[in-house]
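This report refers to the structure that appears directly beneath it.
The values are calculated or read from the model by the stated rules, or taken from the named source; none is laboratory data. Keep in mind that this is a model prediction, so the values were computed, not measured. So basically every Cβ, Gly included, is an ideal-geometry build from the backbone, and we count neighbours across all protein chains shown.
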Amino acid sequence: MTETTSTPALSNLLHEDRAFAPPAGFTADANVGAAAYGDAALDRLDFWARQAQRLSWSTPFTEVLDWSGAPFAKWFVGGRLNVAYNCVDRHVEAGHGDQVAYHFVGEPGDTRDITYAELQREVCRAANALQELGVGAGDRVAIYMPMIPETVVAMLACARIGAPHTVVFGGFSASALADRITDCDARVVITADGGYRRGAASALKPAVDEAVASCPQVRSVLVVRRTGQQVDWSEGRDLWWHEVLGRQSDEHAWETFDAEHPLYVMYTSGTTGKPKGILHTSGGYLTQVAYTHHAVFDLKPDTDVYWCAADIGWVTGHSYIVYGPLANRTTSMLYEGTPTTPHPGRWWELIQQYKVSILYTAPTTIRMFMKLGEQVPAGYDLTSLRLLGSVGEPINPEAWMWYRRVIGGDRCPVVDTWWQTETGAIMVSPLPGVTATKPGSAMRALPGIGAEVVDDDGVPVPDGSGGLLVLTEPWPSMLRGIWGDDDRFREAYWSRFSDQGYYFAGDGAKKDEDGDVWVLGRVDDVMNVSGHRLSTTEIESALVAHPAVAEAAVAGASDPTTGQAIVAFVILRDGVTVAGEELVAELRGHVSDTIGPIAKPRQVMIVPELPKTRSGKIMRRLLRDIAEHRELGDVTTLTDSSVMELISAKMPVTA
Ligand code: WT7
């Protein structure tokens with residue numbers, strides 16, 4: 001059960017007086033000026049109707065928003081479009097076929113520039129290939145890939161034929177992949193033999209083989225050859241991408257789809273053990289990712305080189321590597337590997353070489369670079385940069401200042417962007433040509449967006465106080481539901497403030513004296529480890545599935561690099577003869593195998609009891625206190641407060 005509280009999980013230093021106004025030159029040339037706020041406030045729906053004109057519609061919409069079935073929204077009712085056409089073909093038709101869409105750089109150093117015209121031909125081939133495999137509009141396709149151009153091609157091919165994709169992060173295990181394939185009933189999987197990570201070829205196909213063994217409905221597995229690793233082959237089911245695409249025409253007639261046609265399902269962790277399939281649709285989603293990419297990153301299609309350094313397997317990659325940038329005819333970087341392979345300056349070398357002007361990354365990566373020392377970026381020319389973005393977790397003021405000074409040369413605006421898998425696009429963020437930014441604050445709701453910080457009763461808190469972050473108005477890229485689970489959709493997001501009709505984001509936040517928003521972190525059972533979202537219960541389920549474990553409780557403890565780290569407390573089954581270190585190592589490995597390496601607990605503590613309330617809820621707040629070596633909070637609702645002493649005694653002082 002969720003223990004929701006308006007006391008934020010992370011305390012933040014809010015005595016931040018520094019503010020950085022945008023440079024005058026930046027403001028003068030900015031895509032979006034201060035007038036946008038007033039403009040959107042005057043008529044919100046008209047504002048979004050105008051933003052939708054960034055897209056090419058084959059049938060114009062007749063109504064901006066139909067909220068009569070709330071919380072299930074319909075945006076741009078009656079409108080029809082093709083998302084892939086909007087991202088690729090129309091730019092070629094407009095004479096930009098020779099513009100580079102992606103500068104791809106593989107980890108081993110191989111490079112490939114893909115123009116919009118090439119992308120169009122590849123997407124057409126892939127769309128024809130999927131149709132040859134019997135994929136039709138509405139059929140789900142699972143994609144489990146490294147960070148290579150074929151991943152983008154596969155997504156766009158799905159979009160082109162109206163087949164919703166579900167991209168599963170390549171770091172997830174076979175069983176996590178199988179769960180997702182099963183939940184959305186995908187019949188076709190697109191993967192690769194492997195990808196390059198940390199200087200070595202890392203296999204993907206074996207995980208697909210293992211996953212598909214428990215998914216009998218999967219009839220085809222399309223395999224991209226990337227690393228040349230040996231792969232097991234299931235005749236009839238497995239097909240080489242290059243062979244199937246090789247025989248296809250590079251032309252494909254696109255069809256149009258309803259604005260509300262499903263575009264993709266992205267799984268994310270909620271407060272229970274089962275991941276939620278977040279559903280995004282076409283017209284509203286593409287409108288808001290295009291608008292926010294234009295407004296927040298100030299994207300100039302003719303001159304910028306833009307780099308969102310996320311993985312395509314997460315929503316950030318979907319919205320800000322693929323759909324938003326392509327809708328805006330961006331030239332992007334696409335880098336396969338880890339930031340410090342083969343040397344710690346790899347990123348900065350790429351920025352220098354490709355003259356990257358916009359960089360979008362996560363606080364955990366910034367903190368990792370801080371640890372490596374500023375002499376590393378100092379060895380490169382980073383003067384091409386003009387704007388920096390951050391996403392994924394609260395950015396601590398120290399990391400924000402380092403990013404601004406060391407990477408941005410004290411000249412680039414820093415935009416801290418708050419959003420979620422569910423919101424589909426950026427919601428709270430500075431506008432780089434308008435906002436005087438404060439280190440650590442996401443500042444204000446974007447034009448056309450309604451966000452508030454409210455108390456437990458849903459009443460907006462006064463400036464200078466904290467509460468819960470809610471979204472007060474529907475927005476174009478909002479999730480349209482949880483795949484196959486309407487009840488969970490209502491319960492998870494809309495039940496907390498049902499009287500007001502607010503969407504509850506699950507984050508605690510504070511409004512400072514100026515009314516600017518500081519997002520403090522999750523207030524539910526969701527953890528944020530290196531910007532990866534994980535549920536405590538999901539990891540607990542993995543632990544109790546191990547034969548040695550009777551009960552488990554997981555908490556997120558603050559960690560200087562990863563933001564939060566996973567600390568697990570387990571009670572062993574009777575008769576398990578504790579093999580100490582060995583068992584701990586086994587349990588950590590077991591979680592990693594079940595969910596993926598990102599879920600591997602930093603610590604596993606074997607304990608005799610767990611702290612519970614009288615109604616049997618595990619008190620994670622207390623476990624977090626222990627994990628962080630804080631003073632214990634109020635323990636009066638515990639069934640047995642001596643439990644805490646027992647647990648504390650087990651906790652090593654060097655966490
Ligand atoms: C959760 C959503 C949005 C794409 C990446 C994560 C946290 C995200 C910020 C930010 C403070 C942030 C929140 C949110 N979060 N951005 N700028 N400041 N917190 O997407 O996996 O759906 O996670 O990430 O806690 O609820 P996600």
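What the table shows:
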{"read-out": "Test: VAL265 is more than 30 Å from VAL428 (Cβ to Cβ), in a strand (DSSP E or B) and in contact with a helix residue (DSSP H, G or I) (Cβ under 7 Å, 6 or more places away or on another chain)", "value": "no"}
{"read-out": "Yes/no for VAL212 being buried (at least 23 other Cβ atoms within 10 Å of the Cβ), over 30 Å from ARG346 (Cβ atoms) and modelled with pLDDT of 95 or more", "value": "yes"}
{"read-out": "Some residue of region 409-417 being among the β-branched types (Val, Ile, Thr) and surrounded by fewer than 18 Cβ atoms within 10 Å (Cβ to Cβ)", "value": "no"}
{"read-out": "Pairs with Cβ under 8 Å, 6+ apart, first in region 424-445 and within 30 Å of LEU279 (Cβ to Cβ) and within 12 Å of the ligand (Cβ to nearest atom), second assigned to a loop (DSSP other than H, G, I, E, B) and of a type in the set (Lys, Arg)", "value": "VAL428/ARG444; SER429/ARG444; PRO430/ARG444"}
{"read-out": "One residue from ILE366, ILE395 being touching a strand residue (DSSP E or B) at 6+ places or on another chain (Cβ under 6 Å), of a type outside the set (Ser, Thr, Tyr), within 24 Å of ALA442 (Cβ to Cβ) and within 16 Å of the ligand (Cβ to nearest atom)", "value": "ILE395"}
{"read-out": "Residue within region 533-546 that is out of contact with any strand residue (DSSP E or B) (no Cβ under 9 Å at 6 or more places or on another chain) and either away from the ligand (no atom under 12 Å from the Cβ) or at pLDDT below 95 (or both) present", "value": "yes"}
{"read-out": "In region 133-189, the residues that are touching an Asp or Glu at 6+ places or on another chain (Cβ under 7 Å) and of a type in the set (A, V, I, L, M)", "value": "MET147, ILE148, VAL153, ALA163, ALA174"}
{"read-out": "Residue within region 311-323 that is away from the ligand (no atom under 14 Å from the Cβ), acidic (Asp, Glu) and at pLDDT 95 or above present", "value": "no"}
{"read-out": "Every residue from region 355-376 that is surrounded by fewer than 20 Cβ atoms within 10 Å (Cβ to Cβ) and within 24 Å of ASP304 (Cβ to Cβ)", "value": "LYS355"}
{"read-out": "Given (1) within 20 Å of the chain's Cα centre (by Cα); (2) surrounded by fewer than 21 Cβ atoms within 10 Å (Cβ to Cβ); (3) in a loop (DSSP other than H, G, I, E, B), number of the condition GLN217 does not satisfy", "value": "(1)"}
{"read-out": "Only one of TYR306, TYR335, TYR320, TYR291 that is touching a helix residue (DSSP H, G or I) at 6+ places or on another chain (Cβ under 8 Å) and surrounded by fewer than 23 Cβ atoms within 10 Å (Cβ to Cβ)", "value": "TYR335"}
{"read-out": "Positions within region 377-390 being among the hydroxyl-bearing types (Ser, Thr, Tyr) and either surrounded by fewer than 19 Cβ atoms within 10 Å (Cβ to Cβ) or farther than 19 Å from ALA310 by Cβ (or both), in sequence order", "value": "TYR380, THR383, SER384"}
